[in-house]
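The values are calculated or read from the model by the stated rules, or taken from the named source; none is laboratory data. Please read all numbers here as calculations on a predicted model, not as lab measurements. Positions of Cβ are generated from backbone atoms using ideal geometry, with glycine treated the same way; all protein chains shown enter the neighbour counts. When the accessible area is computed, the model is the full protein with side chains, heavy atoms only, and any ligands, DNA or RNA have been set aside. Shrake-Rupley method; radii C 1.70, N 1.55, O 1.52, S 1.80 Å.
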Amino acid sequence: CRERSRLKTKASAAAWTVSEEMESARAETHAVFWARRAIELAPYDEPGVRRLMALLDRVGDRAGAVRVYDEFQRMMETEYQITPSSGTIALADQIRARSQRVPSTQRVLWIGVSGLLARVPSWLALA
């Protein structure tokens, strides 16, 4: 069990490294994919959850960031009867507040194409 845990921790760290490299290369869809993979491997990693929320916020997927928070919060309350840290709650609140102020011309849609997601401005997708 310890070996499995150690390997998951290493795999999660590697996924974060790939995510950071993808974000640096402006490959946002791939950065999000690898960040999500890192959290799948280490679901109780609260700093990692905040990193994923911040990444989703930076790429314009604020609803996705809030969903990540909501899922984490539910998991922590169900399994441990605790709430996320004040820093995680504050980040979720900040993202929620920003998502309510985004003009419709700046909103984005995620469109699935051949198993990949593409981010496009909502006004373009509706044209």
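Points worth noting:
- Taking amide hydrogens as placed 1.01 Å from N in the peptide plane, the amide H of G60 sits under 5 Å from that of no residue at least 5 positions away in sequence or on another chain.
- Residues I95, I39, ordered by accessible area of protein heavy atoms at a 1.4 angstrom probe radius and largest first, appear as I39, I95.
- Of the chymotrypsin sites (Phe, Trp or Tyr not before Pro) in segment 1-61, the ones in a loop by DSSP (not H, G, I, E or B) with at most 12 other beta carbons within 10 Å are Y44.
- R98 versus T9: modelled label distance in nm, points set 7 Å from Cα along the beta carbon direction: 3.1 nm
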